[in-house]
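Let me begin by handing over the structure; questions about it come next.
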């Protein structure tokens, strides 16, 4: 039997889902185009913002590799303690987030703020703005933000498991959002959705750890 949506353990999930839907909708309607236009006009070409976003590039390989190492250690009799469980949870949440965000990107088919793919429409390049459900193609892959999803998933695990350093975990999430906006890589709505998706992956993983 499936748990009731009113079950205590599911209430935070549904509250978060409702908050995400509201914030994303508000961003799509009132914020995304203005924020992208301003970033392109005033921050275009500042390499610092791009550097921030590049920091995420090794994370998928590190997450997958860490799970392989953990499995090999477990096969040799390793019993993970609190730190080991945190390490495994970060890897599982990140790998799960990568899979989910790619599927959602393909489903929603949202165009990018700028034309990163040759010939693809965008808000800055062609004033194209919207969702083209199930369109497919790398030029329609903006929503949700993969950078925010993959950043938030392990940081949300650490937020829960290592609360004394929450200022670091939250700061890294915020820094990635700043880099994406400054580079005009994503709309604000994309980033909000990616943040909630990453947090949801972490929360789901922690159900089996905490």
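Roughly what angle does helix 59-75 make with the longest principal axis of the chain, taking Cα atoms, 0 to 90 degrees, to the nearest 10?
Result, in degrees: 10.
What does the convex hull of the Cα atoms come to per residue for the chain, in Å³? Display every interim value, and only then the final one.
Working: hull volume 30.5 nm³, N = 210.
Hull volume normalised by residue count: 145 Å³.
Right, something else. Run the numbers on the chain and let me know its relative contact order in percent, using alpha-carbon pairs under 8 Å that are six or more apart.
Working: 313 pairs, mean separation 63.1, N = 210.
In percent, rounded to a whole number, it is 30.
Right, next: So, in nm, how far is label residue 83 from label residue 46 when the simple model puts each one 7 Å beyond its Cα toward the Cβ?
3.8
Using 0.36 nm times the number of residues separating residue 107 and residue 178, minus their current alpha carbon distance, what extension gain do you get?
Numbers: separation 71, 0.36 × 71 = 25.56 nm, distance 2.59 nm.
So the chain would gain 23.0 nm between residue 107 and residue 178.
Can you tell me the orientation of helix 11-26 relative to the chain, as the angle in degrees between its alpha-carbon axis and the longest Cα principal axis, to the nearest 10?
10
Tell me what the chain gives for mean residue ellipticity at 222 nm when only DSSP H runs of n ≥ 4 count, each as -39,500 (n - 2.57), the sum divided by the residue total, rounded to 500 deg cm²/dmol.
Numbers: 9 runs with 136 residues, N = 210.
Calculated at 222 nm, the ellipticity per residue is -21000 deg cm²/dmol.
Highest mean first, what order results for 154-165, 186-197 on Cβ atoms within 10 Å?
On the way: 154-165: 18.9, 186-197: 26.7.
Packing proxy ranking, top to bottom: 186-197, 154-165.
Defining a contact as two alpha carbons under 8 Å apart and six or more residues distant in sequence, what relative contact order in percent does the stretch 125-210 show? Could the numbers behind the result be given before it?
Details: 76 pairs, mean separation 36.8, N = 86.
Taking the mean separation of contacting Cα pairs over the length of the stretch 125-210, I get 43 percent.
Take the alpha-carbon centre of the stretch 51-89, take the same for the stretch 146-206, and report the distance between them in whole Å.
Comparing the Cα centres of the stretch 51-89 and the stretch 146-206, I get a distance of 18 Å.
Which percent of the Cα-Cα distances in the stretch 145-210 go past 17 Å? Mind dumping the intermediate values first?
Working: 808 of 2145 pairs.
Within the stretch 145-210, distances greater than 17 Å cover 38 percent of Cα pairs.
Every number in this text was worked out from the coordinates using simple rules, so none of it is lab data. Computed from a prediction, not measured in an experiment: that's the story for all the values here. Cβ: placed from backbone, ideal geometry, glycine included. Neighbour counts: every protein chain shown.
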